[in-house]
Amino acid sequence: MSETITLSQIKSLPTLDDQVGLLMDGLNPGQLKAAMTLQGAVAAIAGAGSGKTHAFTRRICHMLLTGIPATQIFAVTFTNKGAAEIVERLEGMIGPDSQFIAAGTFHSLIYRHILKAYATHPYLASINLDMNECAILDEDEADTLRDEAIKSLDEKHQEMIKAEGWAKSIKAEMEQARSRGLTAEAYAKEKIGFGDENDILYRITVDVWTRYSALCRVANGIDFNDILVTALSLMKKDPTVGQELAVKFRYLMLDEYQDTNPVQMQIIDDIAKHHGNIFVVGDEKQAIYSFRGSDITIILEFKKRYPNAVIVEMDYNYRSTGPILEAANCIARHMSQRVTDGQLLPGLDFTGQSVAKVSLVEFESDREEARMLAMAIQRDLTRGGMKGKDIAVIYRSRLGKALIEQELVKKGIDYHVVGDISFYQRAEVKNAISLLRYTFRPWDSVATLRLLKNTSFGVSDVSAKKSMAQNKQSANAYLVELSNKTGAKSKPTAVAQKLKPMLTVMQAVRRLVAYDEDADYIRSKVERLWEIYMSANVKKAAEKDSGPLDEATEARMTNVKFLFDRFFGELKAGRKPEDILDELAMMSDGKNQTERDKQNMVNLLTMHASKGLEFPYVYLPCMDDDTTPGQKNDPVEDFDALEEERRIAYVGFTRARMKLSVSYAKKKAKHGKILDVKASPWVREVSLGTNNPILKYRAAASLPSPSR
């Protein structure tokens with residue numbers, strides 16, 4: 001069935017069989033079974049790129065065709081993006097009736113249909129939660145209240161939290177506990193008094209948690225975790241709530257079921273047990289969010305909780321080429337925690353097309369790997385004719401990202417870091433850009449104010465702003481005025497003695513550019529300004545980083561060097577400073593990038609952030625055994641973690657559509673040391689299990705062109 005055909009057009013056909021036949025047209029056997037099985041418990045194991053949303057929406061349309069009211073359908077997904085996609089498809093197919101389906105994220109649906117619907121319930125009143133005037137707290141607001149709770153502790157415990165670095169641990173303890181549906185009281189009973197070495201941490205966590213909850217009540221707010229915990233507590237206190245919800249919503253549908261945590265499972269199961277109509281779709285091979293509280297055993301044991309459940313395998317992949325599927329299937333075969341064998345079948349026909357093999361590449365050093373990767377991407381963008389948005393560099397650890405960013409910056413390749421701070425948004429880089437902007441655009445007051453905020457002239461950005469408002473002058477005019485001030489015996493003031501040389505050098509630099517002076521000579525003058533006026537701030541900022549201070553400082557200084565490499569490299573190539581600065585301004589402010597900018601930007605992202613996305617060309621660098629699976633201590637305790645690492649790699653492999661290049665370096669820098677590493681076991685599995693041996697690849701102009 002075409003996406004453009006609507007439910008009203010389908011209903012125009014004479015019989016129900018004809019209508020269902022048109023609705024199911026084009027579905028493969030797995031999709032068809034998922035969309036046709038409407039009663040009872042159903043688990044659709046949907047492999048990567050298998051068109052699960054297609055089957056999900058067809059199933060809802062099928063329900064409506066058979067007379068099931070839209071108001072009885074409860075369709076849950078785990079992200080706003082996923083919810084928006086399902087709602088959009090349903091609106092296009094179903095029309096106005098789609099608004100009567102309860103479709104949305106877990107938190108939004110539970111908040112609306114349980115907490116708000118039972119706002120006057122005595123249980124909510126007993127915990128002082130007024131749902132009629134309740135606000136949902138975002139993460140920043142929740143963090144602020146948690147910090148306030150910590151500050152309200154006695155001085156001894158505050159010092160202990162600071163000395164042990166427990167602020168993050170307390171937050172993690174609360175989040176993990178609440179993902180299992182625990183209240184502070186239940187957490188205390190489970191954790192405290194058993195002689196655990198972390199007993200004092202657990203006790204302080206309970207204290208902070210209790211105070212935090214009280215602060216939330218005072219603010220009449222509720223955070224995302226407590227939405228679910230409170231809903232579950234309500235249902236436990238009053239079983240009729242689950243019964244009433246089961247009458248209202250007779251058909252439960254859950255997307256991305258492998259990401260479910262225990263509190264979510266308990267809420268849904270408490271409704272489903274009254275009618276048994278629960279449809280879940282997910283892929284246990286892509287369960288990678290245990291750090292958020294997700295539990296893979298929930299999907300693995302679905303059949304145990306629902307003995308009569310129908311298991312549907314959706315194994316046709318409509319994303320990737322054969323060699324990519326072969327590599328992914330090899331990783332899946334080694335997984336121990338599976339519902340099905342997990343072998344993806346090709347759903348696309350690439351006959352007549354040139355299909356590349358998966359490249360498995362070994363480099364001598366991480367620096368060489370980053371340099372060659374940047375060259376390969378440059379080749380893709382020029383000779384390959386690809387757009388930046390079609391290329392993704394996906395990594396397991398952010399430690400390897402810095403070198404790759406630096407090489408991309410050197411080559412002038414624009415990129416976007418998904419879900420993280422990009423090179424251009426780092427404080428030291430933005431400070432360096434502000435120095436360049438003020439040097440070449442003295443009228444740029446925004447840059448001048450940032451400069452003042454990060455130097456020690458004895459002139460604050462606050463005083464500059466005050467003068468700008470009172471005297472209607474630019475920040476530069478204010479500084480020029482201060483640089484000419486004299487004190488006793490007509491001698492320049494201390495501030496003037498600092499400012500005058502800087503402003504003089506900046507003016508000289510502008511003249512050098514006007515006279516086409518050598519770019520390297522101009523760079524030396526600007527670097528001297530940076531060294532004198534701004535470098536001290538880098539070390540001060542680096543003190544807040546984790547890890548050795550010298551290493552953190554060096555990393556920040558290296559970022560500045562690469563920023564200057566790009567600016568002065570383009571200046572040497574004949575570009576005007578103002579044009580380069582315009583580009584840098586756009587790069588440092590992702591919010592103002594145009595659609596055209598985004599089209600030309602290569603994607604940098606973690607394997608976790610890549611889930612749900614796909615790209616024609618994918619590079620997986622840093623695939624060594626120190627990065628993935630990383631160093632493990634206890635083989636028994638780390639079994640689950642090891643299995644999840646394999647699934648994380650699987651997610652990375654299955655993001656690629658046309659080309660996949662996997663690489664690692666034999667030597668890498670980490671925390672100031674050079675490590676000798678080997679290929680990740682997942683890479684070795686692919687190398688041994690497919691026709692893609694690891695290439696002993698060394699110095700050359702680019703990564704090897706994919707075998708044809």
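All of the numbers you see were taken from the coordinates with simple rules; none came from a lab. Please read these numbers as outputs of a predicted model, since none were measured by experiment. For neighbour counting, all protein chains shown are included, and Cβ atoms are generated from backbone atoms with ideal geometry for every residue, glycine included.
A compact table of results
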read-out: Centre separation in Å (Cα based) which lies between the stretch 184-238 and the stretch 76-114; value: 30 Å
read-out: Cα gyration tensor category, rounded, prolate or oblate, for the stretch 353-474 with a/c compared to 1.5; value: prolate
read-out: Nearest-0.05 FRET efficiency for Lys485 and Val462, computed from C-beta distance (R0 22 Å); value: 0.75
read-out: For the stretch 277-301 versus the stretch 400-449, the gap between their alpha-carbon centres in whole angstrom; value: 39 Å
read-out: Dipole magnitude (debye, nearest 20) for the chain, charges at Cβ of Lys, Arg, Asp, Glu; value: 2200 debye
read-out: DSSP bridge pairs, the chain: antiparallel proportion in percent, nearest 5; value: 10 percent
read-out: Most to least packed among 259-267, 381-389, 35-43, 195-203 [average Cβ atoms within 10 Å]; value: 259-267, 35-43, 381-389, 195-203
read-out: Protection proxy ranking, peptides 463-473, 140-150, 485-495, 173-183, average beta carbon neighbours within 10 Å, highest first; value: 173-183, 140-150, 463-473, 485-495
read-out: Footprinting exposure proxy for Trp166, Trp443 (fewest neighbouring C-beta atoms within 10 Å first); value: Trp443, Trp166
read-out: Count, lysine Cα pairs under 15 Å in the stretch 122-229, 8 or more residues apart or across chains; value: 4
read-out: Part-to-part distance (alpha-carbon centres) for the stretch 370-394 and the stretch 311-368, which is given in Å; value: 21 Å
read-out: Among 227-233, 244-250, the order from most to least packed when residues are scored by Cβ within 10 Å on average; value: 227-233, 244-250
read-out: Global geometry of the stretch 436-537, whether rounded, prolate or oblate, following the gyration tensor of its Cα atoms and the 1.5 cut on a/c; value: prolate
read-out: Reach of Lys33 by Cα under 16 Å, taken over lysines that are not fewer than 8 positions away in the same chain; value: Lys52
read-out: Between 0 and 90°, nearest 10: helix 155-164 axis offset from the chain longest Cα axis; value: 90 degrees
read-out: Summed side-chain charge close to Arg371 - residues other than Arg371 whose Cβ falls under 10 Å, Lys, Arg +1, Asp, Glu -1; value: -1
read-out: Farthest positive-ward along the stretch 424-591 dipole, Cα basis, beta-carbon charges - from Ala542, Leu449, Tyr515; value: Leu449
read-out: 28 Å Cα-Cα reach of Lys485 towards lysines, excluding residues that sit fewer than 8 places from it in its own chain; value: Lys453, Lys465, Lys466, Lys472, Lys498, Lys500, Lys525
read-out: Close Lys-Lys pairs in the stretch 635-687, where close means Cα under 18 Å and separation is 8 or more or interchain; value: 4
read-out: Reachable lysines, given that their alpha-carbon falls under 19 Å from the alpha-carbon of Lys116 and they are not under 8 places away in the same chain; value: Lys236, Lys237, Lys248
